[in-house]
Amino acid sequence: MCTIRTLQRCNRLAAALRRVVLDFSRKRCCVNWQNTGGKVRLDDHAGEWPSLCVPRRSLMSDGASLLRSWTMALLNFADVRGYRALDAQACRVAGSALTERYASASPFPHIAIDDFVPREILRDVLTDFPARREQTAFDRHQERLKYQFSPQQCGSAVIRNLFSELNSAAFLGFLQELTGIDGLIADPYFAGAGLHETMPGGHLGIHADFNRHRAMNLERRLNLLIYLNDDWEDGYGGALELWDNRMTACEQRIAPILGRAVIFNTDLDSYHGHPDPLACPVGRSRRSIATYYYTVPRNADFGIERETQFRVRPVSDDRRDWKMILHHVMQDWTPPALRKGRRGALLPRLLSR
C-alpha cells in the first residue's frame, strides 16, 4: 500500500511539474535561478506563478536556464502571427544570470551553452540549409573545404527569421547583460557571418578575427556560434579550440553538437579555430550559425587594424600566412594618409600582383 501511495504521489508531482513547464513556456515568464540553502530556486519575476525548488543535482552545469532538466531552451521564441520573436526582458534576465561565468572564463571571456535556442527551430534551419552548388569553398592551407552562406542568399523564411532575431534589440540586450559590453551593434551586412559548413577533411586554422567592419567603420567585439550537428561523435573531430594568448596551449575544446552555442570576446589575441581535418563520414559535414557584433571604436584612430591572423601551433605542420603577414607589415609602416580614402585601395592592389 505504501508503494502504491508513493507512486500516486510521484505521478501527481510529475503532472504538476509538466503543467508548470507548459505554463512557463506559454507565458514566456522571466525566470532566474537563485541559490537558497543547498537548493536552486526558480523565481518567477512575472509574478504569475509560484516559485519552484528543485535539487541542485538536477540542473546542468550552467545552472542559469529555464528548467534545464526538461531540456527547455535558454532563449525561447513567441509566435507572433507566424513570426518567431524573442522577449527583451527574458533575454536580459537570462544574460545577467551568466555574467560572472562569462567574465571569469579562460583563456579569454567566453561561454558555451547547451540548448541555447529551441532545437525544433535549428532542425527547421537544417531542413532549409542551402545547397553548395553555386558556392566556392575556402581552399588554402589555413582554411580548407569551408563554405559560407549569407542569410540574404537563403530563401527560407525560417533562416531569415532566426538571423533577424539574432540581430534584434532583444538579443543585443542578452549579449550586453552577459558580457558587460554596452552599445553593441548588430551587422545588417553579415560580413563573414551567416551559415557555415565544413566538409570531411576540411579545417579552420587557429586564428584571431578581423577587428574592423569596413562598411560601418566599427570595431568587432563578439562572436556567436550556434552548432547544427545532430548525433555528432567525438571521433569526427571539429571541436572548437580556444588557445592562450601566447599560443602555447589549447585551454578549451568544445564539441560542435546540435543546440550548443559559444559566445566569446574577439580581441587581437582571442585565438580559436578547429585546426585538424574533419574525420566525419562522407555525407556528413560540420554546420554552424555565426553572427558577429560590434561597437563604436574604443580608440579614436582605431588603434591597430587587422585582417584575420592565422597562427601556428607548436609541434604541428601548420603554415604561416605570409601574404597576410606582409599585408600587416605594409599597413603598419604606411603613413595614415595613404591608408585612407581612395588611395587606401593601393595596398590590396599591390599585394594582389
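The values are calculated or read from the model by the stated rules, or taken from the named source; none is laboratory data. Treat the numbers as computed from the prediction; the structure is a model and nothing was measured. Don't worry about glycine lacking a Cβ; one is built from the backbone with ideal geometry, like all the others, and counts go over all protein chains shown.
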Qualifying residue in the range 188-208 (condition: in a helix (DSSP H, G or I) and either in contact (Cβ under 8 Å) with a residue 60 or more places away in the chain or more than 16 Å from the chain's Cα centre (by Cα) (or both)): no
Subset tally (residues that are in a loop (DSSP other than H, G, I, E, B), out of contact with any Leu (no Cβ under 6 Å at 6 or more places or on another chain) and over 24 Å from ARG84 (Cβ atoms)) for the range 132-168: 7
Selected residue (only one of HIS141, HIS110 is closer than 30 Å to ARG313 by Cα and either modelled with pLDDT under 95 or of a type in the set (A, V, I, L, M, F, W, C) (or both)): HIS141
